[in-house]
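One structure is given here, and the rest of the page talks about it.
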Amino acid sequence: MYVDSHCHINFPEFAPRLPELFAAMAANQVSHALCVGVNFAELDSVLEMAAAHPNVYASVGVHPDYELEEEPTIERLVDLAKRPKVVAIGETGLDYYRLTGDLEWQRERFRTHIRAAIATGKPLIIHTRSAAEDTIRIMREEGAQKAGGVMHCFTESLAVAQAAIEMGFYISFSGIVTFKSAKELKEVARVIPIDHMLIETDSPYLAPVPHRGKTNEPAYVMHVAEEIARLRGIPLTEVAETTTANFFKLFDSAQPVAA
Ligand SMILES: [Zn+2]
Ligand SMILES: [Zn+2]
């Protein structure tokens, strides 16, 4: 069984074909998924997705790409984290690729999420793009290891992965690891400790090979696992079992559902 540790199946493009999406998950042994919040406006749809499906969990956070979003406070995040099936704080982090200029507000927002995660005891889902140095620095300054969490859709260097693992964080691989061009990332997936590894789709984005360019969905997470098994020279079942166990160890308020 596989767990898709990061997806956005509440996005409106999935609404017309949710029954097919869940049927494909079951047919491909994807037993659970974490539906990740990106802002307050869409939070209800995330919570509704988790409420409607026993094998779907939710998270609460405001993504760094939402510049015009009302700024979250620690109190508001802590309060929302008490809603049913919320197992994590995020996604949060830094993105210097999509946005430029004075991004001090992103760093402040990131600190707010880390403080909320520590206050709730729930782990962080961290997004970092073209901002690895500041991401690791702020994690250290804020004591993010007290909350723990995952570096999602990881695309950074081995050194960044190791710095995050030293703080007890997990590294989550998406379909990018299946892309031929992702040579450095494949090396990271080959060498980091498997007990700090998760898999995800980040659907609807970043469909893995052989679905590259199409709309991604949780059923495709097995292709990420297949590539990791190939890179490490280990059985696919070991990747499936270990990443699933890692998921429930990290997101320890998530109750697994029997298949
Ligand atoms: Zn992200
Ligand atoms: Zn995401």
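For the chain, what does the helix formula give at 222 nm: sum of -39500 (n - 2.57) over DSSP H segments with n ≥ 4, over the residue count, nearest 500 deg cm²/dmol?
It lands at -11500 deg cm²/dmol.
The alpha-carbon atoms of region 65-160 define a convex hull whose volume equals 98 cubic angstrom per residue.
By its C-alpha gyration tensor, with a ≥ b ≥ c as the square roots of the eigenvalues, how is region 145-186 shaped: rounded for a/c under 1.5, else prolate for a/b larger than b/c, else oblate? Oblate shape, in that a/c is at least 1.5 and b/c is the bigger or equal ratio.
The charge dipole of the chain, taken about its Cα centre with unit charges on the Cβ atoms of Lys, Arg (+1), Asp and Glu (-1) only, comes to about 600 debye. Straight-line cross-link partners of LYS183 among the lysines, defined as a Cα under 23 Å from its Cα and at least 8 positions apart when in the same chain: LYS214. In order along region 210-223, phi translates into HN-Hα couplings of x, 9, 3, x, 8, 5, 7, 7, x, 4, 7, 4, 4, 5 Hz, rounded to whole numbers, per the Karplus curve 6.51 cos²θ - 1.76 cosθ + 1.60 with θ = phi - 60° and x for Gly and Pro. What is region 169-259 by shape, rounded, prolate or oblate, if you read a ≥ b ≥ c off the alpha carbon gyration tensor as root eigenvalues and call it rounded for a/c under 1.5, prolate for a/b larger than b/c, and oblate otherwise? In terms of gyration-tensor shape, oblate. About its Cα centre, the dipole of region 122-216 is roughly 360 debye, where the only charges are +1 on Lys and Arg Cβ and -1 on Asp and Glu Cβ.
In whole percent, how big is the carbon plus sulfur part of the accessible area of region 37-81, probe 1.4 Å, protein atoms only?
54 percent
Along the axis of the charge dipole computed for the chain (Cβ charges of +1 for Lys and Arg, -1 for Asp and Glu, origin at the Cα centre), the listed residues ALA258, LEU206, MET151 are led at the positive end by ALA258.
For region 1-50, rounded, prolate or oblate, judged on the Cα gyration tensor with a ≥ b ≥ c (square roots of eigenvalues), a/c < 1.5 rounded, else prolate if a/b > b/c? Here region 1-50 falls in the oblate category. Put a plus charge on the Cβ of each Lys and Arg, a minus charge on the Cβ of each Asp and Glu, and nothing anywhere else: the dipole of region 154-259 about its Cα centre is then about 380 debye. Computed from backbone phi, the HN-Hα couplings of region 43-50 come to 4, 4, 5, 5, 5, 5, 4, 5 Hz, rounded to whole numbers (Karplus: 6.51 cos²θ - 1.76 cosθ + 1.60, θ = phi - 60°; Gly and Pro given as x). Expressed as a fraction of 2.2 N^0.38 Å, the value expected for a compact globular protein of N residues, the C-alpha radius of gyration of region 1-88 is 1.12. At q = 0.11, 0.14 Å⁻¹, what is the log10 ratio I(q)/I(0) for the chain, with the Debye formula run over Cα points and no solvent? Each listed q maps to, in turn, -0.52, -0.89.
Proximity of backbone amide H atoms, modeled 1.01 Å from N, is registered between TYR170 and GLY149, VAL150, MET151 at under 5 Å, excluding neighbours fewer than 5 places apart on the same chain. Along region 176-187 the Karplus relation, 6.51 cos²θ - 1.76 cosθ + 1.60 evaluated at θ = phi - 60°, assigns HN-Hα couplings of 4, 5, 8, 6, 4, 6, 7, 5, 5, 5, 4, 5 Hz to successive residues, with x for each Gly and Pro.
The values are calculated or read from the model by the stated rules, or taken from the named source; none is laboratory data. Just so you know, these numbers come straight off a predicted model, no measurement behind them. Quick reminder, even Gly has a Cβ in these numbers, built from the backbone with ideal geometry, and neighbours come from all protein chains shown. Quick note on the areas: whole protein, heavy atoms, side chains included, nothing else; ligands and nucleic acids left out. Shrake-Rupley method; radii C 1.70, N 1.55, O 1.52, S 1.80 Å.
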